Amino acid sequence: MRMTMAALLVAPALLAQPGIFGGHGDVGTVLHPGSVEYDASQKTYRITASGENIWGTADALQYVWKKVSGDVSLTAEVSFPATTGDPHKKGVLMIRQSLDGDSAYADAAAHASGLTSLQSRETQGAATHEIQGSQTAVKKLRITKVGDYFYMSIAGEGEPLRPAGGSMKVPLKDPFYVGIGVSAHNKDAIETVVFKNVEVTPVTPASGQPKLYSTLETITVASTDRRVTYVAPGRFEAPNWTKDNMLIFNGDGHLHRIPADGGKPETIDTGIATRLNNDHAISPDGTMIAVSDQSQGNHQSQIYVAPIGGGAARKITEKAPSYFHGWSPDGKTLAFCGDRNGNFDVYTIPTAGGAETRLTTADGLDDGPEYSPDGKYIYFNSIRGGLMQIWRMKPDGSEQEQVTPDDGFNNWFPHLSPDGQRMVFLTYEKGVDGHPADKEVMLRVMNLANRRIAILTKLFGGQGTINVPSWSPDGRRLAFVSYQLIP
C-alpha cells in the first residue's frame with residue numbers, strides 16, 4: 001500500500017512505546033517535530049517540543065500517551081532543565097478525548113514561571129478555561145478523573161499531595177487518552193521538560209462518603225479565568241469583598257478574613273453572634289458588617305450589625321426568622337427576607353432599628369434582596385412565575401418587574417456590579433428545588449443595558465457559592481466558593 005508523506009512522518013512516533021505509554025506524537029500544528037527520551041533507570045521522560053500553546057480552541061504540543069477507560073489518576077514530578085524561554089512554556093499531565101488539536105481535554109499544567117493550573121476544554125472546539133493554583137514552586141502534580149469531573153493535587157518538595165482546589169467538568173467517552181505533554185508557548189521555539197516517577201493509576205470506588213473540600217476562588221469577569229485563594233476540608237461559604245482587598249466568608253458559625261490573593265484566614269469576633277449563616281454583607285462605607293445569626297433565643301435567624309474589624313454585634317430585627325441580604329447605598333436601611341405567617345417575603349428595616357416594612361406579597365418565596373448602587377431599585381429573586389427568576393422593584397415595593405427571561409433555569413441571588421451596569425447571579429437546572437448545596441450550577445452575568453446573559457463559569461456548588469455580594473471594588477473580579485467531593 002502506498003503511504004502519504006504525512007503518514008510516513010506520523011507513523012514512527014505512534015509506534016514507539018516509551019515507558020508505560022503506548023506512543024507519542026505531535027498534537028495540533030507545530031513547526032518543529034517533538035521527541036521523547038525515556039530513561040528506565042531514572043524513571044524519567046525527557047520531552048522536547050515546539051508548539052504555540054495549549055489554550056484557546058486548539059492545542060499544539062508533543063504528547064506521550066496511552067488509551068484507558070474509567071476513572072483514573074495521573075501523577076508525576078515535573079521540572080524545567082532550562083530557565084530561558086517563555087515563562088509560560090508548560091509541562092502537562094493531560095487526559096483528552098482524542099489526538100485532534102481541538103479535542104476536549106483536562107490537564108494539570110506546570111508553567112516555567114511557577115504557576116500551576118487546572119485547564120480544560122469542555123467539548124471539541126470549545127474555548128479553554130483554567131483555574132490557577134495559589135501555590136508556586138510545585139514539585140509534584142496529579143490530575144484525577146472521577147466521573148465527568150477533574151481535579152488537581154499538588155505538592156512542594158518533600159510534601160504529600162493535597163487538593164489544589166476547584167474542579168472542572170469534561171464529559172469524556174471511553175476509551176480516552178492519558179499522558180504527559182510539553183508546549184513551548186512559542187511556535188518558533190523548542191523547549192524541554194522532564195517528567196519523573198510517572199504513574200497512571202485506576203481510581204476505584206471509595207468505601208463510605210467522599211471527603212468534602214471547599215475552595216475560595218476569584219474569577220476575572222473579562223477573561224473568565226479563575227484563581228484559587230484558599231482551599232480546606234469541610235464547608236465554608238459566601239465571600240464578601242472588602243475595600244482593602246480582603247475576602248470575608250463564613251464557616252463553623254463564624255466569619256473569617258483572608259487576603260483576596262491568598263494567605264492565612266483569621267477569625268473575626270462578632271460577640272454573641274456565634275452561629276452565623278451565609279447571609280452577610282459589608283456596609284457601603286466599609287466600617288460595618290451585617291450578619292444573620294441563630295445563636296440566641298429560639299435559635300431562629302436574626303439580623304445583627306457588627307464592626308468590620310470585630311466587636312459586639314447589635315441586634316436589628318425582633319421577628320424571626322429574618323435573613324439579611326443588602327444595605328441601601330446610604331447605609332441607613334437593610335433589606336432582608338423574612339418568614340411571616342408561613343410566607344417568605346422581602347422586607348426593609350432601618351439600620352438603627354425599628355419597624356420592618358413588607359415590600360412583596362406574592363405567594364411563594366421572594367428572597368435575596370439587594371439594592372442597586374444608585375439606590376433606584378431593589379433586585380431580588382422570586383418563584384411567583386413557576387421557576388425562580390430575578391426581579392426588581394422600587395425601594396418602596398412599587399413597579400415590580402421580572403428581569404431575567406423565562407429561559408428554563410432557576411436563577412438566584414442577584415448581585416450588582418459597583419457601577420450598576422452588570423448583574424451576576426447563580427443558576428440551577430430547571431428540576432432543582434430551592435438552592436441546595438453540592439449541585440452543578442453556573443455563574444451567569446447580565447448586561448443590564450441590553451439584558452444579554454453570558455456564562456461566567458460552570459462549577460460544582462450551589463448553596464454557599466455566591467449568596468452574598470462579592471464583586472471586587474473595581475468591578476473586575478468576583479469571589480465565590482466551589483466544592484469538591486473527593487474519594
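Here, each number is a calculation from the coordinates, and none is a lab measurement. Predicted model, so just to flag it, every value in this text is computed and none were measured. Every residue, glycine as well, gets a Cβ built from its backbone with ideal geometry; the counts of neighbours run over all protein chains shown.
Set the bar at 31 Å for Cα to Cα. Now go through Lys90/Lys145; Lys243/Lys315; Lys90/Lys430 and name every pair that lies beyond it.
Details: Lys90/Lys145 21 Å; Lys243/Lys315 24 Å; Lys90/Lys430 40 Å.
Listed pairs above 31 Å: Lys90/Lys430.
Which of Ala355, Phe344, Pro369 sits closest to the plus end of the dipole of segment 327-375, meaning its Cα is farthest towards the positive end, when Lys and Arg get +1 and Asp and Glu get -1 on the C-beta?
Result: Ala355.
Show which lysines lie in cross-link reach of Lys89 when reach means a straight Cα distance below 20 angstrom and same-chain residues fewer than eight apart are skipped.
Here the lysines satisfying the reach criterion relative to Lys89 are Lys139, Lys140, Lys187, Lys196.
Over segment 235-376, what is the relative contact order in percent, taking alpha-carbon pairs closer than 8 angstrom and at least six residues apart?
Value for segment 235-376: 14 percent.
Please say if segment 375-431 is rounded, prolate or oblate, where rounded means a/c under 1.5 for a ≥ b ≥ c the square roots of the C-alpha gyration tensor eigenvalues, and otherwise the choice is prolate for a/b larger than b/c and oblate otherwise?
Working: a/c = 2.66, a/b = 1.39, b/c = 1.91.
Taking the square roots of the gyration eigenvalues as a ≥ b ≥ c, segment 375-431 is oblate.
What whole-number distance in Å separates the alpha-carbon centres of segment 30-79 and segment 155-216?
Spelled out, the Cα-based centre of one part sits 12 Å from the other.
Per residue of the chain, what 222 nm ellipticity follows from adding -39500 (n - 2.57) for every DSSP H run with n ≥ 4, rounded to the nearest 500? Walk me through the intermediate numbers first.
Numbers: 1 runs with 11 residues, N = 487.
It comes out at -500 deg cm²/dmol, rounded to the nearest 500.
Tell me the net charge near Ala355. Cut-off is 12 Å between Cβ atoms, Ala355 excluded, with +1 for each Lys or Arg and -1 for each Asp or Glu.
On the way: positive: Lys319, Arg358; negative: Glu318, Glu356.
Summing Lys/Arg as +1 and Asp/Glu as -1 gives 0.
Cross-link partners among aspartates and glutamates for Lys173, C-alpha distance below 12 Å, same-chain residues fewer than 8 apart left out?
Asp71, Asp148
Would you work out which of Thr242, Met94, His299 lies farthest towards the positive end of the dipole of the chain? Charges go on Cβ: Lys and Arg +1, Asp and Glu -1.
Met94
For segment 211-486, with only Lys/Arg (+1) and Asp/Glu (-1) charged at the beta-carbon, what is the dipole magnitude about the Cα centre, in debye rounded to 20? Please report the intermediate quantities before stating the final value.
Numbers: 27 positive and 32 negative charges, 78 e Å.
Result for segment 211-486 is approximately 380 debye, rounded to the nearest 20.
Once Lys and Arg get +1 and Asp and Glu get -1 on their Cβ, which of Ser207, Pro329, Val403 lies farthest toward the positive end of the dipole of the chain?
Ser207
Given charges of +1 on the Cβ of Lys and Arg and -1 on the Cβ of Asp and Glu, with all other atoms neutral, how large is the dipole of segment 106-223 about its Cα centre, in debye to the nearest 20? It would help to have the intermediate numbers written out before the result.
On the way: 11 positive and 11 negative charges, 46 e Å.
My answer is approximately 220 debye.
Going by average Cβ density within 10 Å per residue, which order do the peptides 147-156, 312-321, 161-170, 57-66 take, highest to lowest?
So the peptides 147-156, 312-321, 161-170, 57-66, ranked by packing, come out 57-66, 161-170, 147-156, 312-321.
Give me the mean projected area, in nm² to one decimal, of the convex hull enclosing the Cα positions of the chain.
Numbers: hull surface 103.1 nm².
Average of the hull's projected areas for the chain equals 25.8 nm².
Under the rule of at least 5 residues apart or a separate chain, name every residue whose amide H is placed under 5 Å from the amide H of Arg476.
Result for Arg476 returns nothing.
Given Cα pairs under 8 Å that are at least 6 residues apart, what percent is the relative contact order of segment 72-122?
Values: 69 pairs, mean separation 15.4, N = 51.
Computed over segment 72-122, the figure is 30 percent.
If one computes the Cα centroid of segment 272-321 and of segment 430-475, what distance in Å separates the two points?
24
Let me spell out the model: positive unit charges on the Cβ of Lys and Arg, negative unit charges on the Cβ of Asp and Glu, origin at the Cα centre of the chain. What dipole size does that give, in debye rounded to 20? Kindly include the intermediate steps, with their values, before the conclusion.
Working: 45 positive and 52 negative charges, 137 e Å.
About 660 debye.
Which angle between 0 and 90 degrees, to the nearest 10, do you get for helix 5-15 versus the longest principal axis of the chain when only C-alpha atoms count?
The two axes meet at around 80 degrees.
If you take the alpha carbon radius of gyration of segment 82-155 and divide it by 2.2 N^0.38 Å, what ratio comes out, to two decimals?
Working: Rg = 12.5 Å, N = 74, 2.2 N^0.38 = 11.3 Å.
Dividing the Cα radius of gyration by 2.2 N^0.38 Å gives 1.11.
If you take every residue apart from Ile219 with its C-beta less than 9 Å away from the C-beta of Ile219, what net charge results, scoring Lys and Arg +1 and Asp and Glu -1? Before the final figure, lay out the partial values.
Details: positive: Arg226, Arg227, Arg477; negative: Glu217, Asp225.
Surrounding charge for Ile219 is +1.
How do the peptides 263-275, 428-440 rank, highest first, by the average count of neighbouring beta carbon atoms within 10 Å per residue? The partial results should precede the final answer.
Working: 263-275: 16.1, 428-440: 14.2.
Going by the mean number of other Cβ atoms within 10 Å, highest first, we get 263-275, 428-440.
Sequence neighbours fewer than 8 away in the same chain don't count; with that in mind, list the lysines whose C-alpha is under 19 Å from Lys376.
Leaving aside lysines fewer than 8 places away in the same chain, those within reach of Lys376 are Lys332, Lys394.
Phe176: net charge of surrounding residues, Cβ under 9 Å, Lys/Arg +1, Asp/Glu -1, itself excluded? Before the final figure, lay out the partial values.
Working: positive: Lys67, Arg96, Lys145, Lys173; negative: Asp174.
With Lys, Arg at +1 and Asp, Glu at -1, the net is +3.
For Cα pairs less than 8 Å apart in space and 6+ apart in sequence, what is the mean separation divided by the residue count of segment 5-202, i.e. the relative contact order in percent?
The value is 29 percent.
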